[in-house]
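What follows is a short report on a single structure.
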Amino acid sequence: MKPLSKIKLYVLLHTLILVLSSCESFLEVDLPKSQLAAPAVFEDYNTAEAALLNIYSSIRDKGILTGTGQGISNTLGNYSDELASSEAPNNFSLNFYKNSLLPSNTTVSVFWNASYNQIYAANAILEGTQKSENLSIRQKNQLQGEAYFIRALLHFYLAELFGDVPYVTDTDYKKNSIAVRTSAAVRYEKITTDLKNSIKLLTIPYLDQNRVRPNASTAQALLSRIYLYAGSYAAASNMASAVLNQEGTYGLETPDKVFLLASRETIWQLQSGAVGKNTAEAAYFTFTAVPPPQVSLTAGLVGSFEPGDLRRSAWIKTVSKNNLVFYHSYKYKENNATPVSKEYSIIFRTAEQYLIRAEARAYQGDLIGAKQDLNKVRNRAGLDDTPAILQQDIINAVLMERRHELFTELGHRFFDLKRTGMLDNVLGAKPGWNSTDNLMPIPQNELTLNINLAPQNAGY
């Protein structure tokens, strides 16, 4: 087959992007007519790669992992005990802060629909590259490895938010329109299988210097988290070690350098977009006047840091006027454009892997190894070694370290409280909190379209 002209490449790519973004819900039944042209996109690596990169742009801009206020860094920060919403009636964060979500909540619907559209796009990559006759084995491996990772990543977050959700593995609209909810055991098997496929297909060296394309270590980082959440502690420890053993690539940075573009602590990050653009997180969380227009860090979080913790001074900023004092997350500092981008949104980083391994080692009885990992994170923050000695004390110390290390990063605090059974103990005093708030409501329109998603999650 002759190489496609640049004009044809553009037309085919534009067609595919329209296909992958045309449906508001993955439950749509009608097959778009433009789908018929899509397979040609995967006969040329340039358009196939561009289709994949479009998924990352979508993840960055809309849905669960976006750094805007609509993403879980903000919403789950309010939903737990990291952030406090302003009381303005038009502040969409308020329903999360007051734990008063309804099945009609627009942001919750976006979590669901954007994620399944992104999963659909990843499935299109897998199907299209598998059928391609022109792509090389190396090119197929790269594209498929990333698509498997994306599919596993999004299903993981959907399940953490909504519970038993459909695990969608193809682009058949009619089949997806009647998809059934997947049990935890089946979902765990499917996610781990996708990640193992990703690890097998991807290489450890990055394709780019800014680490915006996931490599094998990125898939290993997610898999270590999956194993930890599932209580597979030996596997979690081993998978985290596979990442941390890449000492020439990864390492801990001092708090002032962790979130910079070239940080060695970054495992995978989302490119901010145009040259000079920085993160949506900085643009949303930063405020200069009080009271805050949107959200601020809770006094409980700010006050929980030990004296001398460098993260407290580097990652939290105080804004005050008269007797009013508020705090905002200051991990990302560039809230405006700069001549060149200085910060991208980090999704996986090395510190989490040390804390995963520390917790997993503690549960296995390797208390010395657990403390070594925990102390690496503490020492980098300017703190002395942990005084914890007993197993449960070490585990508690790791969880506290996770609170200080990972606040306002993609819902870690909420997920930690949930997986350790501490949601009610910690959040029970919040106005509006109920035990059933451990899951969000399935969007009402999805339940209407697909009866197989019933029943609605408890409490809604």
Revision key, fill the gap. Output for Cβ contacts, cut-off 7 Å, separation at least six or different chains, first residue hydrophobic (A, V, I, L, M, F, W, C) in segment 168-180, second outside any loop (DSSP other than H, G, I, E, B) and surrounded by fewer than 18 Cβ atoms within 10 Å (Cβ to Cβ), reads I178/N452; A179/N452; V180/N452
Check your understanding: A274 versus (1) surrounded by 17 or more Cβ atoms within 10 Å (Cβ to Cβ); (2) among the aliphatic types (A, V, I, L, M); (3) part of a loop (DSSP other than H, G, I, E, B): which is the lone unmet condition?
Key -> (1)
**Study point:** Test: A121 is within 26 Å of L52 (Cβ to Cβ), in contact with an Asp or Glu (Cβ under 6 Å, 6 or more places away or on another chain) and at pLDDT 95 or above
**Key:** no
Check your understanding: Say we look at segment 182-238 and pick out the residues that are β-branched (V, I, T) and not in a loop (DSSP other than H, G, I, E, B); which of these is nearest to L53 (Cα to Cα)?
Key -> T218
Check your understanding: Got a number for residues in segment 386-401 being in a helix (DSSP H, G or I) and either among the hydrophobic types (A, V, I, L, M, F, W, C) or buried (at least 22 other Cβ atoms within 10 Å of the Cβ) (or both)?
Key -> 7
Review point. List, please: which pairs have Cβ atoms under 7 Å, are six or more places apart or on different chains, and start with a residue in segment 229-255 that is in contact (Cβ under 8 Å) with a residue 60 or more places away in the chain and end with one that is hydroxyl-bearing (S, T, Y) and part of a loop (DSSP other than H, G, I, E, B)?
Key: V243/Y250; L244/Y250; E253/S263
Study note, to complete from the structure: Condition set closer than 14 Å to E401 by Cβ and not in a helix (DSSP H, G or I), scope segment 350-385, selection nearest to the chain's Cα centre (by Cα): answer is A381
Point to revise | All positions within segment 85-121 that are in contact (Cβ under 8 Å) with a residue 60 or more places away in the chain and of a type in the set (A, V, I, L, M) | key: A88, L101, L102, V108, I119, A121
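Say whether the condition of being more than 17 Å from I347 (Cα to Cα) and modelled with pLDDT of 95 or more is met by at least one residue in segment 148-157.
Scanning segment 148-157 turns up no residue that is more than 17 Å from I347 (Cα to Cα) and modelled with pLDDT of 95 or more.
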Exercise for review: Restricting attention to segment 413-446, report how many residues are within 20 Å of V110 (Cα to Cα), of a type outside the set (D, E) and crowded, with 17+ Cβ neighbours inside 10 Å.
Suggested key: 8
Exercise for review: Determine which single condition Y233 fails, assuming it passes every other condition in (1) modelled with pLDDT of 95 or more; (2) farther than 28 Å from T420 by Cβ.
Suggested key: (2)
Check your understanding: Name the residues in segment 287-308 that are of a type in the set (V, I, T) and within 15 Å of N78 (Cβ to Cβ), would you?
Key -> V295, T298
Review point. Would you pick out the residues in segment 228-249 that are surrounded by fewer than 23 Cβ atoms within 10 Å (Cβ to Cβ) and either farther than 19 Å from L367 by Cα or acidic (D, E) (or both)?
Key: Y229, A230, A242, N245, Q246, E247, G248, T249
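The values are calculated or read from the model by the stated rules, or taken from the named source; none is laboratory data. None of the values given here were measured: they were computed from a predicted structure. Glycine also receives a Cβ, built like all others from the backbone with ideal geometry; neighbour counts cover every protein chain displayed.
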